[in-house]
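Okay, structure first, notes after.
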Ligand SMILES: Nc1ncnc2c1ncn2[C@@H]1O[C@H](COP(=O)(O)OP(=O)(O)OP(=O)(O)O)[C@@H](O)[C@H]1O
Ligand SMILES: [Mg+2]
């Protein structure tokens, strides 16, 4: 289980990352299969977010390599990796707080007027089709605030939805979510579950970090367990749930 | 007499509007604590002055001044776009210090502290802008063109990308935006327009020396954009008007000029502190300095 397959979209090969003396990720390997939801779990400090940051190029690896869609993206610039089709959200929400919901979402799409020399000929007003896409994504995540709301005025839960919507606006091949249910109410949590299932049924690939066990176990096709920077195991949710080592890692021996 | 004085103030206001609106492109829009603006102002002024003194016609000299300043902005962006907040401020301030000292010490080119006298008034298409009023009209037109272009950029999708970079660089890069390139362009363009302001200044005053482009000027420029409000060209314009007019009464109180100069600096610093304390977003601003 969890080896390289023909339909692997992301390979995390023997990657290590330390911060001074802290070995956050230790010679760790895992694989993400196309078209399914992969859960990434593990106790606090296991290295899950660090793995995300390594994959998205926000952190540089100490060793190992990362392959995304058959291309070695190890230590490539973040924007390059994103443009290859990698969308992500953050454990601690990161929005453009002085911009509106609409502008936050529009930024996920590239616009010809983002080229400086062409910028003189474009305003920020979105095309009809783009605005339609924005509205569609906003509805999809269940965001009810007017699009002209500054994101600094939103509640935490709403901010998370905007961040998710922004990621969904991208032309992504792999969607990586870092604890999407943290700090959101049970109603939105349920909605999120339905949404992620729907995305999977549309053929999307999702890598999901989650502490809510019911949530991640009921959604995932495969669950990878990290502990102290290493892969402890990877298997079907049912198997992972019953595994003694996993229980020990979470509860401490 | 009073008319000449008024026109003088208005011309300076035009020049400072160009400086402030272009500075706000980096500080207010890209979120870069760019303390080096005065250096680009100086580079534009000296380039344009030296070229015309050497016989180059005015318009090519003006454009050369802007391009030289733009190149300097681009060069400064290379080592600094990866720096954050305070570090960027210190690095750009250091740059301004270096340029000031080059102007002072490269005597064979700049005549050092003696300065450059006799900078000719603009002459183009057979017109010589020699009267005060003529120069006011000329600077107002140049100012309007500069402001129009900068505002156009700010209101474009490129401007939105600048704002995204300001609000959260990491998030912008995960959306596929090359934030370092974006910031480098912002600094280059901002410097380019400061160069135009420099040329406007040099050919108006007709004498420049390194003290005109000293670090003290940075305080005035920051006061202008902070009072007006960051991330707002309207704010930069109103800020320039307010800060250039406010210290003028000092002249008429009969103080000796050795006091008027320092008193003016104190006044700027005071206004800056008051605004930061009571209205940190300035008059029209939407963002606070170093908020994110
Ligand atoms: N930028 C950093 N500098 C120093 N240490 C870091 C940094 N980022 C993470 N760490 C350390 O690396 C280890 C792994 O952290 P990481 O955030 O990846 O864990 P996690 O699995 O996401 O945990 P959680 O479930 O609490 O979010 C922790 O010990 C953490 O303190
Ligand atoms: Mg984490």
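The values are calculated or read from the model by the stated rules, or taken from the named source; none is laboratory data. Everything numeric in this text was worked out from a predicted model, so none of it was measured. Neighbour counts are summed over all protein chains in view; Cβ atoms, including those assigned to glycine, are modelled from backbone coordinates with ideal geometry.
A few notes on this one:
- When residue B:60 is tested against (1) buried (at least 16 other Cβ atoms within 10 Å of the Cβ); (2) modelled with pLDDT of 95 or more, exactly one condition is not met: (1).
- Candidates are the residues of region A:148-161 that are under 25 Å from residue A:86 (Cα atoms) and either assigned by TED's automatic domain parsing to the domain that holds residue A:53 or more than 16 Å from ligand 2 (Cβ to nearest atom) (or both); the one that is surrounded by the most Cβ atoms within 10 Å (Cβ to Cβ) is A:161.
- Any helices (runs of 4 or more DSSP H) falling wholly within region B:123-198 and containing at least 3 residues that are over 22 Å from residue B:79 (Cβ atoms): B:132-154, B:157-167
- Count - residues of region A:199-216 that are without any contact (Cβ under 8 Å) to a residue 40 or more places away in the chain and more than 16 Å from ligand 2 (Cβ to nearest atom): 4
- One residue from A:52, A:30 being farther than 14 Å from residue A:178 by Cβ and within 16 Å of ligand 2 (Cβ to nearest atom): A:30
- Residue check, residue A:108 over 19 Å from residue B:30 (Cα atoms) and within 11 Å of chain B (Cβ to nearest Cβ): no
- Residues that are within 16 Å of ligand 2 (Cβ to nearest atom) and either at pLDDT below 95 or within 11 Å of chain B (Cβ to nearest Cβ) (or both), drawn from region A:167-177: A:176
- Restricting attention to region A:61-91, the residues that are touching a strand residue (DSSP E or B) at 6+ places or on another chain (Cβ under 8 Å), in a loop (DSSP other than H, G, I, E, B), more than 16 Å from ligand 2 (Cβ to nearest atom) and more than 10 Å from every other protein chain (Cβ to nearest Cβ) add up to 5.
- If you go through region A:167-188 and keep only what is surrounded by fewer than 16 Cβ atoms within 10 Å (Cβ to Cβ) and away from ligand 1 (no atom under 16 Å from the Cβ), you end up with A:171, A:185, A:186, A:187.
- Yes/no for residue A:6 being at pLDDT below 95, outside any strand (DSSP E or B), more than 14 Å from chain B (Cβ to nearest Cβ) and within 16 Å of ligand 2 (Cβ to nearest atom): no
- Taking the criterion of being under 18 Å from residue A:88 (Cβ atoms), surrounded by fewer than 21 Cβ atoms within 10 Å (Cβ to Cβ) and away from ligand 1 (no atom under 13 Å from the Cβ), the residues of region A:34-56 that qualify are A:34, A:36.
- Qualifying position, being more than 14 Å from every other protein chain (Cβ to nearest Cβ), more than 21 Å from the chain's Cα centre (by Cα) and at pLDDT below 95, among B:107, B:102: B:107
- Test: residue in region A:118-130 that is within 23 Å of residue A:196 (Cα to Cα) and either part of a loop (DSSP other than H, G, I, E, B) or within 14 Å of chain B (Cβ to nearest Cβ) (or both): yes
- Criterion applied to A:219, A:196, A:164 was being crowded, with 17+ Cβ neighbours inside 10 Å, touching a residue at least 60 places away in the same chain (Cβ under 8 Å) and in the same structural domain as residue A:136 (by TED's automatic domain parsing), and the one residue passing it is A:164.
- Taking each residue of region A:15-26 that is more than 14 Å from residue A:45 (Cβ to Cβ) and looking for partners that are within 8 Å of ligand 1 (Cβ to nearest atom) and assigned to a strand (DSSP E or B) with beta-carbon atoms closer than 7 Å, six or more apart or interchain, yields A:15/A:25; A:16/A:25.
- Scanning region A:92-105 for residues that are more than 7 Å from every other protein chain (Cβ to nearest Cβ) and outside any loop (DSSP other than H, G, I, E, B) turns up A:100, A:101, A:102, A:104, A:105.
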